[in-house]
Amino acid sequence: MEGGLEGPSLSAAARIIAAADAYDTMMRPRVFRDALKAADALLELDRCSGTPFDPQGVQVLKTLVAVDWRCSAMNAHECA
């Protein structure tokens, strides 16, 4: 990426946010396509992990999504 941050100069938080932003975008319908299902969006992030997305950022996002799925299936007080 010319003129931008990449690699070690990009914070861990920024790497996670980049993956989360892409995940959120894939989960929303667009004029040119329907919204992806969560599992399909995660597969796409896996496919692109290491190229536009940092593998560690993708892994952290996948962990957070898995926790969110478990918590949505339980009562909120069990996840606090």
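FYI, it's all coordinate maths here, none of it is from the lab. No experiment lies behind these values; they were computed from the predicted model shown. So basically every Cβ, Gly included, is an ideal-geometry build from the backbone, and we count neighbours across all protein chains shown.
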Integer Hz, Karplus 6.51/-1.76/1.60 couplings in order for region 33-50, x for Gly and Pro: 6, 6, 5, 7, 6, 4, 4, 5, 5, 5, 4, 5, 4, 4, 4, 8, 5, x
Selected from Pro52, Ala66, Met27, residue furthest toward positive end of dipole (region 22-70; charges at beta carbon): Met27
Phi to ³J(HN,Hα) by Karplus 6.51 cos²θ - 1.76 cosθ + 1.60 over region 55-66, Hz, x for Gly, Pro: x, 5, x, 5, 5, 4, 4, 4, 5, 5, 5, 4
Chain lengthening between Asp40 and Thr25 when straightened (0.36 nm per residue, less Cα-Cα): 4.2 nm
Net length gained if the chain between Ala12 and Gln59 were fully extended (0.36 nm per residue, minus Cα distance): 15.8 nm
